[in-house]
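Any read-out appearing in this document is the output of simple, stated calculations on the displayed coordinates, not a laboratory observation. Given the structure is predicted, the values throughout are model-derived calculations rather than measurements. Positions of Cβ are backbone-derived with ideal geometry, glycine not excepted, and every protein chain shown enters the neighbour counts.
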Amino acid sequence: MNTLRPDSDLVAEVRALNSAGVEIPWMWHLTEEAFDGRSKTQEILTFGINNSVGILRWNDHSGRYVPALGKNTEWLSYYLAGFHESGVPPYAEVPVEIVYSTLTEFLDTRMKPTRVEWREAASPMSQSL
């Protein structure tokens, strides 16, 4: 987040991309500092868009979490920055408006979003893509 320009509106840019019609599900990792995929303690909001739905996942020192009201019951494939296929755990998919409001909250507070109730996410070891 520290590399975002002060005049940028990330949520508006993500909305515009999604409004143009997403052909593959996109996702991004958003962190306070540079992303470290090996870190077990870094706070990371993973969010994605896929037309009327999107995904949310929260990682921090205590674990990995997805929305309690997520809809997908199986692992999904979303594409990191639209390029790299990545597994998304069950129950991460929610209506896209929830993604936008959760992203807005995280950008404003830089803390674990409270707009959604979180539940523990399935382990990547249980993934079968």
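Comparing mean-square fluctuations of P67, P95, P25 from a GNM of the chain with C-alpha springs under 10 Å, the top value falls on P95. Using a simple spin-label model with pseudo-atoms 7 Å out from Cα toward Cβ, S39 and R110 lie 1.2 nm apart. Highest-first packing order for the peptide set 37-46, 15-24 is 37-46, 15-24, based on the mean count of other beta carbon atoms within 10 Å. Placing +1 on the Cβ of every Lys and Arg and -1 on the Cβ of every Asp and Glu, with nothing else charged, gives the chain a dipole about its Cα centre of roughly 260 debye. With the Kirkwood sum run over all distinct C-alpha pairs, the chain has a hydrodynamic radius of 14.7 Å. Multiplying the residue separation of H84 and L17 by 0.36 nm and subtracting their alpha-carbon distance yields 22.4 nm. Work out the charge dipole of the chain with +1 on the Cβ of Lys and Arg and -1 on the Cβ of Asp and Glu about the Cα centre, then indicate which of V99, V88, A121 is farthest towards its positive end. Selected residue: A121. As a rough footprinting exposure proxy, the listed residues W58, W118 were ranked by other beta carbons within 10 Å of their own, and the order from fewest upward is W118, W58.
When V88, V96 are sorted by how many other C-beta atoms sit within 10 angstrom of their C-beta, beginning with the fewest, the order is V96, V88.
Placing unit charges on the Cβ atoms only, positive for Lys and Arg and negative for Asp and Glu, gives the range 1-50 a dipole magnitude near 140 debye about its Cα centre. Taking label positions 7 Å along the Cα-Cβ direction at both S52 and E32, the computed distance is 3.8 nm, reported to one decimal.
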